[in-house]
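Take a look at the structure below.
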Amino acid sequence: MSHAVTIAVCVVGIFPSVAFTAPPVRITSPVDGAELRAGEKFNVSAVVSPGAPGGRVVKVEFFVWSPNLRVGEAVAPPFTAEVTPRELFAKARFSLTARATDDQGAATDSHQSGYR
């Protein structure tokens, strides 16, 4: 009489964990505290680093009074958008915020920069 024997093998491995962090972003232009002329167009620029290893930034959005009013978007470096001031923020002090989003869907906002 023959008996069949089945052997199950379980492989246990150690896999490195990869932290998926949002890409850090910082507004570089205009400089914080700059005085902008009412009604004149200006460029807003941001620098971004990939957050996750091998990650790719897919867009940077620019907001006034974060994140209430989107005033521009850039989808490739250099991350710059032309902004046309509207009456609602051209007369008083306002803030700009940049939001970077990577190809994993992770997003982060920059520090609010103030202008007048």
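The values are calculated or read from the model by the stated rules, or taken from the named source; none is laboratory data. The structure displayed is predicted, hence computed values, not measured ones. Cβ coordinates were reconstructed from backbone atoms using ideal geometry, including for glycine residues, and neighbour counts include every protein chain displayed.
In segment 102-116, the residues that are of a type in the set (Asp, Glu) form Cβ pairs under 6 Å with partners that are crowded, with 17+ Cβ neighbours inside 10 Å, at six or more places apart or across chains, as follows: 102/23; 102/51; 102/55; 102/57; 109/97; 109/99. Can you tell me which residue in segment 1-38 is farthest from residue 108 (Cα to Cα), limited to those that are among the small types (Gly, Ala, Ser) and at pLDDT 75 or above? Among those that are among the small types (Gly, Ala, Ser) and at pLDDT 75 or above, it is 34.
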